[in-house]
Amino acid sequence: MNTLRFTAGEPTVKITHVGPGLWHALDDGRLAGRGEATTRPDGRVFLSVDAWHRSVFDQLAHAMLAALPGPLHTVVDETDHELLAGWRQAGLTIRRREWEYVVPTDPRVTGPALSPPGVTIVPAGAAEDGPLRELDRIVRAEVEATVGWAEMPAEVLPRPAGDTIVDPSKYAVAAEGGEYAGLVRVVEVTRLPRIGLVAVRAARRRRGIARALLTHTLGVLHHAGIETATAEVNEANEAATALFESLGAWRANSTLELVRHGR
């Protein structure tokens, strides 16, 4: 257990490294804030600080950044100006922006669920486990070989080591020629469905498969009485931006990913 005492600013706190990836700020023995370093499934380390005073935030961030090697990341709602300023003052810089889209489910807005010739949509929960996992490995390898998985949405689902499919029932797939060509994953966050991943094999892109997967999935949600879903899109991903906006989706807010590459 490592302990540091800071006297700059108010209140004066003692920063204690209480365990792997966890720091506490104590003010006269009372918890005044906590910091956490979490390793995501893709290996990136993300920091978070929960503190009641800006000076406590600064001291926790200083202690964590001094203790950990880079690169270190964090995610901030762009409208949270105080938190953003705190991380930037601590030395992190903006790496990218993600837009959160609200996506309508009404087919009168999104358009009908039409598949390209020869493509069949397999509903969520009906995909074969082995081919689904193989497709997931293929599309992730293709992403990593091009833009890199770090350019995908920062918020990723926890998963067992070596496996990327947590719950096969969350995935609908597009089948063509006896194999799976694309997939979409929908998860429910506080009763609001979130489109967590849409991916199509590189050789099958630009044929409308991603759109077919989305319109099918949104239609299922609409039939269940759900009016909207959400999705996060990297600002730099022009194809995904165009796809969601063509479905009538609109931007609700934005999140910034910040990074510090070294000590």
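The values are calculated or read from the model by the stated rules, or taken from the named source; none is laboratory data. None of these values were measured; they are calculated from a predicted model. With ideal geometry, Cβ positions are generated from the backbone for all residues, glycine too; neighbour counts draw on all protein chains shown. What goes into the accessible areas is simple: the full protein's heavy atoms, side chains included, and nothing from ligands, DNA or RNA. Shrake-Rupley method; radii C 1.70, N 1.55, O 1.52, S 1.80 Å.
Every condition in (1) of a type in the set (A, V, I, L, M, F, W, C); (2) outside any strand (DSSP E or B); (3) open to solvent by 60 Å² or more (accessible area, probe 1.4 Å) is met by L135 except one, and the failing one is (3).
Between G219, G182, the distinction of being surrounded by fewer than 19 Cβ atoms within 10 Å (Cβ to Cβ) and either under 30 Å from W87 (Cα atoms) or modelled with pLDDT of 90 or more (or both) belongs to G219 only.
Would a scan of segment 16-34 turn up a residue that is at pLDDT below 95, under 22 Å from R95 (Cα atoms) and surrounded by fewer than 16 Cβ atoms within 10 Å (Cβ to Cβ)? The answer is no, given that none of the residues of segment 16-34 is at pLDDT below 95, under 22 Å from R95 (Cα atoms) and surrounded by fewer than 16 Cβ atoms within 10 Å (Cβ to Cβ). Against the list (1) hydroxyl-bearing (S, T, Y); (2) closer than 28 Å to I94 by Cβ; (3) modelled with pLDDT of 90 or more, the condition T190 fails is (3). The residues of segment 86-103 that are more than 16 Å from N253 (Cα to Cα) and part of a strand (DSSP E or B), listed by number, are T93, I94, R95.
Residues of segment 190-222 that are without any contact (Cβ under 8 Å) to a residue 24 or more places away in the chain and of a type outside the set (A, V, I, L, M): T190, R191, R205, R206.
When the strands (runs of 3 or more DSSP E) confined to segment 10-85 are screened for residues that are free of Cβ contacts under 8 Å to residues at least 60 places away in the same chain, those reaching at least 2 such residues are found at 13-19, 22-27, 30-39, 45-51. Whenever a residue of segment 225-251 is of a type in the set (D, E) and open to solvent by 40 Å² or more (accessible area, probe 1.4 Å), its partners that are assigned to a loop (DSSP other than H, G, I, E, B) and at pLDDT 95 or above, lying with C-beta atoms within less than 8 angstrom and at least six residues away or across chains, give the pairs E227/T105; E227/D106. Closer than 23 Å to D77 by Cβ, modelled with pLDDT under 95 and open to solvent by less than 70 Å² (accessible area, probe 1.4 Å): which single residue out of L258, L197 fits that description? On inspection, the qualifying residue turns out to be L197.
Against the numbered list (1) open to solvent by 40 Å² or more (accessible area, probe 1.4 Å); (2) at pLDDT 95 or above; (3) over 30 Å from V173 (Cβ atoms), E82 comes up short only at (2).
Of the residues making up segment 186-211, those that are hydrophobic (A, V, I, L, M, F, W, C) and farther than 22 Å from R137 by Cβ are V189, L192. All of (1) out of contact with any Gly (no Cβ under 8 Å at 6 or more places or on another chain); (2) at negative phi hold for H261 with one exception: (1). The condition of being hydroxyl-bearing (S, T, Y), open to solvent by 50 Å² or more (accessible area, probe 1.4 Å) and over 30 Å from R204 (Cβ atoms) holds for only one of S115, S48, S55, that being S48. Report, by residue number, each residue of segment 210-245 that is under 20 Å from I121 (Cα atoms) and polar (S, T, N, Q). Those that are under 20 Å from I121 (Cα atoms) and polar (S, T, N, Q): T215, T217.
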